[in-house]
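Colleague: After the C-alpha cells below, expect a handful of questions from me.
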Amino acid sequence: MTTVIAFILMFGVLVFVHEWGHLIFAKRAGMLAREFAIGFGPKIFAFTKNETLYTIRLLPVGGYVRVAGEDPEIIELKAGHHVGLEFNEQGKVNKIIVNNKSKHPNARVVEVERADLDHRLVIEGYEIDEDEKLIFEVDPKAYFVMDEKETQIAPYDRQFASKTIGQRAMQLFAGPMMNFVLAIIIFFILGFIQGVPVDEAQIGNVVEDTPAEQSGLQTGDEIVAIDGQQVSTWDEFTEIVRNNPEEELDFTVVRNGQEQEISVTPASIEQQDVKIGQIGVERAFDDSFVKTIQFGFTQTYDWTKLILINLGKLVTGQFSLDMLSGPVGIYDATDKVVQTGFINYLMWSAILSINLGIVNLLPLPALDGGRLLFVAIEAVRGKPIDPQKEGVVHFIGFALLMLLMLVVTWNDIQRLFL
C-alpha cells in the first residue's frame with residue numbers, strides 16, 4: 001500500500017507540474033484552455049473553474065491540456081440548421097441550443113442562414129415562419145448546448161492558431177520546462193535535508209564494527225592516496241575499495257591538516273553474484289547554502305546529460321528496446337526505491353521528472369517536441385502547414401506511441417514474472 005500511494009503521488013505531481021506549465025502559458029497567451037486532465041480514459045473526478053474543466057481520469061498514463069482550436073468537438077453552424085438562442089442582459093446570445101430545444105422553452109428558435117463565430121461573432125437567420133432576416137450578436141463567452149452538455153465557443157483570438165509563433169512555442173515548451181524546474185527544486189530540497197555530497201574522498205561517518213572503525217579511521221578524515229596512488233574524488237576512492245576485497249590497503253589520510261598512514265582490509269560482500277570490497281564509511285556532506293543552490297542545478301544538468309547519452313545509445317542500437325520501461329516497470333522500480341527510504345524516493349522522482357521533460361521534447365509526432373517542430377517549420381516557411389495534414393501526422397504518431405507503450409508494458413510484465 002505504501003508503494004501504491006508513493007507511485008500515485010509521484011505520478012500525479014510529475015504530470016500535474018508538466019500540464020500546469022502548458023495551462024499557465026496558454027492562459028497567459030489568451031488561449032481558451034478547455035480541459036486540464038490528469039490521466040486518460042473515463043473521468044473519476046471533475047470540476048470547472050475559470051472556463052477550464054479540471055479532470056482526473058482512470059488510466060494513469062499521462063495527462064493533457066486541451067486548448068481551443070486543437071479539438072474537434074466544436075459544432076459548425078450551417079445554413080438551414082434550426083437552433084435555439086438564449087440571451088444575456090446585454091441582449092447578446094449566450095447559449096446556442098443545438099438539439100433538445102423543447103427543454104429550453106425560453107429559447108428563440110432560428111433557422112440559420114449564416115454564422116460567423118470566429119471573427120464577427122454574429123448569427124444571421126430567420127425565426128420560424130417569419131420572413132424578416134435577423135442578425136444576432138453573440139457573446140464571446142457564449143456556449144453551445146448539445147445533449148444538454150455546454151461547450152464554450154472559441155472566437156479566433158482565443159484559439160491556439162491565432163497566437164504568435166513565440167506564444168505557441170512557449171506554450172508547448174512550458175510543460176517540459178516545468179519538469180526541469182521541478183527536478184531543480186527537488187534537488188534543492190535534498191540538499192537542504194542531507195547536505196551536498198563533497199567531491200573529495202572525505203569521510204562523513206564511520207559505521208561501528210567495520211574494518212574502517214577497527215583500523216582507526218575517523219569522521220572528517222580525507223583519503224588522498226591508496227597504496228601510493230593519488231585519490232582526489234570519492235568515486236575514485238570507492239572504486240579502489242570495491243575492487244580489492246580482503247586485500248590490505250595503505251591509506252594516506254589527512255587529519256587535522258597532517259598526513260597519516262592507516263592500513264585497512266576491506267570486507268568481502270557479494271553483490272549480484274560478484275564479490276566487492278567494503279570498509280564501512282559514509283560520504284561527507286556540505287550543508288552550506290551556496291552549495292545547496294548549486295546542487296540543484298548541477299544535479300539536474302548531470303542527470304540530463306546522462307539520460308541524453310543513454311537515449312543516444314538507444315537510437316544507435318547500443319541499447320535494446322527491451323531496456324525501456326513503461327508504467328509497470330516504473331512502478332516496480334518505485335517499489336524498490338521506496339524500500340530504501342524517503343531520500344532515495346525524492347531522488348527517483350527528480351530523475352523521472354527530468355526523463356519526462358526530455359522525452360516530451362523529442363521531435364516525434366504527438367509529443368510536445370513534435371508540435372514544436374511544426375511551429376519551427378512554420379517560422380522558416382513563413383506560413384503554417386495545413387492543419388488537417390498536421391493533425392493526421394500527430395494522430396499516426398499518437399497511435400504508434402500507444403503501440404510502443406503496449407510493447408514496453410508487455411516487456412515489463414514479462415520481466416516481473418520471469
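Colleague: Report, to the nearest whole %, how much of the accessible area of the range 23-62 belongs to carbon and sulfur atoms, 1.4 Å probe, protein only.
Modeller: Ligands and nucleic acids excluded, carbon and sulfur give 66 percent.
Colleague: Sticking with this one: Mean shadow of the range 231-293, computed from the convex hull of its alpha carbons, in nm²? Display every interim value, and only then the final one.
Modeller: Numbers: hull surface 23.6 nm².
Reported value for the Cα convex hull: 5.9 nm².
Colleague: Considering Cα pairs under 8 angstrom that are at least six residues apart, work out the relative contact order of the range 1-120 and quote it in whole percent.
Modeller: 18 percent
Colleague: Also, I was wondering about something else. Through the Karplus equation 6.51 cos²θ - 1.76 cosθ + 1.60, θ set to phi - 60°, convert the phi angles of the range 253-270 into ³J(HN,Hα) values in whole Hz; use x for Gly and Pro.
Modeller: 10, 9, 10, 6, x, 10, 7, 9, 9, 9, 9, 9, 10, x, 6, 9, 10, 9
Colleague: Helix 387-417: angle to the longest alpha-carbon principal axis of the chain, degrees 0 to 90, nearest 10?
Modeller: 40 degrees
Colleague: Measure off, as a whole percent, the carbon and sulfur share of the 1.4 Å-probe accessible area of the range 146-212, all protein chains present.
Modeller: Of the solvent-accessible surface of the range 146-212, carbon and sulfur hold 58 percent.
Colleague: In the range 318-372, how does Rg compare with the Kirkwood Rh, expressed as the Rg/Rh ratio over alpha carbon atoms? Numbers along the way, then the final one.
Modeller: Working: Rg = 13.7 Å, Rh = 12.8 Å.
Radius of gyration relative to Kirkwood radius: 1.07.
Colleague: So for the range 49-116, considering every pair of alpha-carbon atoms, how many percent are separated by more than 17 Å?
Modeller: Taking all Cα-Cα pairs of the range 49-116, the fraction more than 17 Å apart is 61 percent.
Colleague: Using 7 Å Cα-to-Cβ label points, what is the residue 232/residue 399 separation (nm, one decimal)?
Modeller: 5.6 nm
Colleague: Between 354, 262, 396, find the one with the highest GNM mean-square fluctuation for the chain; connect C-alpha pairs within less than 10 Å.
Modeller: Largest GNM mean-square fluctuation: 262.
Colleague: So which trypsin sites (Lys or Arg not before Pro) in the range 1-105 pass both tests, a DSSP loop state and at most 11 other Cβ atoms within 10 Å of the Cβ?
Modeller: Sparse-neighbourhood loop trypsin sites (Lys or Arg not before Pro): 78.
Colleague: On a 0 to 90 degree scale, rounded to 10, what angle separates helix 165-194 from the longest Cα axis of the chain?
Modeller: 30 degrees
Colleague: Still on this structure, I have one more. Taking Cα pairs under 8 Å and at least six residues apart, what relative contact order does the range 200-281 come out at, in percent?
Modeller: 33 percent
Colleague: Still on this structure, I have one more. Give the residue list of trypsin sites (Lys or Arg not before Pro) in the range 286-375 that are DSSP loop and have at most 13 other beta-carbon atoms within 10 angstrom. Don't jump to the answer; show the numbers that get you there.
Modeller: Working: sites: 291, 305, 313, 336, 371; in loops: none.
Sites meeting the loop and neighbour criteria: none at all.
Colleague: Something else: Using the Cα atoms of the range 5-64 to build a convex hull, what is its mean projected area in square nanometres?
Modeller: Here the figure is 3.9 nm², rounded to one decimal.
Colleague: Using a 1.4 angstrom probe on heavy atoms only, work out the carbon and sulfur share of the accessible area of the range 295-418 in %.
Modeller: 72 percent
Colleague: Now a separate question. Efficiency by 1/(1 + (r/R0)^6): what FRET value for residue 131 and residue 417, r their Cβ-Cβ distance, R0 = 56 Å, to the nearest 0.05? Walk me through the intermediate numbers first.
Modeller: Details: r = 75 Å, r/R0 = 1.33.
FRET efficiency, residue 131 to residue 417: 0.15.
Colleague: Per residue, what volume in Å³ does the Cα convex hull of the range 269-418 take up?
Modeller: 177 Å³
Colleague: I'd like the FRET efficiency for residue 379 and residue 90, computed as 1/(1 + (r/R0)^6) with the beta carbon distance as r and R0 of 35 Å, rounded to 0.05.
Modeller: Taking R0 as 35 Å, the efficiency between residue 379 and residue 90 is 0.30.
Colleague: State to the nearest 20 debye the size of the charge dipole of the range 252-379 about its Cα centre, where the only charges are +1 on K and R beta carbons and -1 on D and E beta carbons. Let's see the in-between values first.
Modeller: Working: 8 positive and 13 negative charges, 40 e Å.
In total the dipole reaches around 200 debye.
Colleague: For the chain, with every protein chain kept in place, what is the accessible area per residue (1.4 Å probe, Å²)?
Modeller: Values: 23730 Å² over 418 residues.
For the chain, the solvent-accessible area averages 57 Å² per residue.
Colleague: Gaussian network model of the chain, Cα springs within a sub-10 Å range: biggest mean-square fluctuation belongs to which of 274, 98, 241?
Modeller: 274
Colleague: How far apart, in nm, are the 7 Å Cα→Cβ label points at residue 291 and residue 389?
Modeller: Distance between label points: 5.7 nm.
Colleague: Right, next: Nearest 20 debye, what's the magnitude of the dipole of the chain about its Cα centre given +1 on Lys and Arg Cβ and -1 on Asp and Glu Cβ?
Modeller: Values: 34 positive and 56 negative charges, 376 e Å.
The calculated dipole for the chain is roughly 1800 debye.
Colleague: Under a plain spin-label model, where a point goes 7 Å from the Cα along Cα-to-Cβ, how far apart in nm are residue 13 and residue 78?
Modeller: 5.1 nm
Colleague: Can you match Rg and Dmax of the Cα atoms in Å to one of these, (1) 22.6, 70; (2) 45.1, 176; (3) 30.2, 107, based on a calculation from the structure here?
Modeller: Checked against the structure: label (3).
Colleague: Another question, if that's okay. Using only the Cα atoms of the range 62-101, what are the Rg and Dmax in Å?
Modeller: Computed over the Cα atoms of the range 62-101, radius of gyration and Dmax are 14.1, 43 Å.
Colleague: Helix-derived [θ] at 222 nm for the chain: sum -39500 (n - 2.57) over DSSP H runs of at least 4, divide by residue count, nearest 500?
Modeller: Calculated from helices alone, the mean residue ellipticity at 222 nm is -14500 deg cm²/dmol.
Colleague: How far is helix 2-28 tilted off the main Cα axis of the chain, in degrees rounded to 10, range 0 to 90?
Modeller: Relative to the chain, helix 2-28 is tipped by roughly 50 degrees.
Colleague: Amide H neighbours of residue 244 under 5 Å, at least 5 residues apart or on other chains, H built in the peptide plane: list them.
Modeller: Close amide H contacts, sequence-distant or interchain: 277.
Colleague: Only Cα pairs under 8 Å and at least 6 apart count here; give the relative contact order of the range 338-396 as a rounded whole percent.
Modeller: Dividing the mean separation by the residue count of the range 338-396 yields 21 percent.
The values are calculated or read from the model by the stated rules, or taken from the named source; none is laboratory data. On a predicted model such as this, the values are computed, not experimentally measured, just so you know. Every residue, glycine as well, gets a Cβ built from its backbone with ideal geometry; the counts of neighbours run over all protein chains shown. Please note that ligands, DNA and RNA were not included when accessible areas were found on the heavy atoms of the full protein model with its side chains. Shrake-Rupley method; radii C 1.70, N 1.55, O 1.52, S 1.80 Å.
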